[in-house]
1. Which values, in whole Å and largest first, are the semi-axes of the equivalent ellipsoid of segment B:3-83 obtained as the square root of 5 times each eigenvalue of the Cα gyration tensor?
2. Once Rh is set to the Kirkwood radius over Cα pairs, what Stokes-Einstein translational diffusion coefficient, in µm²/s, holds for chain B at a temperature of 10 °C and a viscosity of 1.306 mPa s?
3. Under the rule of at least 5 residues apart or a separate chain, name every residue whose amide H is placed under 5 Å from the amide H of residue A:46.
4. Is there a simple number for the mean count of other chain Cβ atoms within 10 Å of the Cβ of residues in B:180-186, and what is it?
5. Which residue fluctuates the most in chain B, going by a Gaussian network model with Cα springs under 10 Å, if the choices are B:53, B:41, B:204?
6. Cα extents of segment B:88-217 along the three principal axes, largest first, in whole Å?
7. Under a 5 Å amide H to amide H cut-off, with H placed in plane at 1.01 Å, what residues pair with residue B:188 once short-range neighbours are removed?
8. Sort the following peptides by mean Cβ neighbour count (other Cβ atoms within 10 Å, averaged over residues), highest first: A:102-108, B:67-73.
Amino acid sequence: MRGRRQGQAAHEPIAAIAAALVWRTPLPDVAEFEDLCNAVSALYGRRLVFDEIKDASLRATTGILFEAETFTGILVPADDSNYYSFLSRTHELCHLIVRSAPEDWFPPGTARPHQPAPDSRLFLRLCPRNSSESNDAESVREELIVEEMARMFTRRLSAYADTTEEEHFG
Amino acid sequence: MSEFSAQALHGALAAELRAAQGVAHVNVRAWAERSEITHDTIYRVLNGKRPVTVVELVNLCRAIGDDPLELVARAAKRAGLDLGDGVDEIVRSDRARLALEASGLWDNLDAAYTKARSALSKTGHLLSLREWRAFVDGAGSHSLVIALADFLEVPADYLLGKAPEDEAQRIDAQLGLARSMRSLGVTKIAARSLDELEPEEMATVESAIRALIDKEEGPRS
């Protein structure tokens, strides 16, 4: 369900926030996924490590983002198509942009979704996309922003810039 | 529970713990190390000289991979008792511990008490040390558990032992994942998924994260 959830301000333009963050991320004119990784790593100030989950028992997970002591890990399922995997990895990078973008990257009148305090019990965040399970309004708002951002980045990065979602999802 | 029944249960628990020790092939020294209970305490419990507390029972069982509820059920059967509230107390104690571990508060329960007392005071609840210990032992009052559930950010029904079984299993898995992640030094984790993660899938995610950390930072002792 992608409609407005409780706690989301009626005037909050998700797409406007997403567009601002995507277009303010410093990338070369012709950018690859690697360029985005480098830009996010510099912005976030941490080493990024990607890996794939090969276990066939994975059913619902499309991406995992975690902070280890010396790096930030991003895991996606090995079985996904190249396009879907690209979207999932980009989605996780977008979370890092949302967390670390300078305040002035956000359009006037909007704000960064609240992040859990470092000692919050909510450091484990599960974000089911098609469920009403997520009752933390700020988690839901961030999820909507990064979903939009990931789609927009497919237009900024050369790999899939000239394709449509319909080609990949049918 | 009558004094006679209580004594019968203590004796039966000691017997079941001795049996579990045999099955696990663990000596008292090793068991003490794993459970963080002194070896002389374990000796006294095993010999029936001292009743085992709920927290000790949970720790002893976990240290050898036994299920505390099953062990209590075996002990009750051995003693010819029908336990209602006793089992409930163990469930609640077990869940309180897991919630505290997931929050990184179990290793120092005194510091955890101070934090909980401070948090609850903001809502007008003055948490006493006796109440705190009752919560850890699975015997906290309904209102106290609700207040501490809010502090621990865990559903109150789960801590009260009232959540449906499938819901409880899912929360068990979530808290277990959080506990495991803390032990690996992970400070934040977000999972994007198409639906709620089932416990088996959480185990797969945990395993994948552990493997990547081992690869990048070396295995933890």
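Every read-out reported here was derived from the displayed coordinates using simple, explicitly stated rules and does not represent laboratory data. All values reported here derive from a predicted model rather than from experimental measurement. Cβ: placed from backbone, ideal geometry, glycine included. Neighbour counts: every protein chain shown.
1. Equivalent ellipsoid semi-axes, largest first: 20, 13, 10 Å.
2. Calculated translational D: 84 µm²/s.
3. none
4. That works out to 3 on average.
5. B:204
6. That works out to 45, 33, 24 Å along the principal axes.
7. Correct list: A:67.
8. Going from most to least packed, we get B:67-73, A:102-108.
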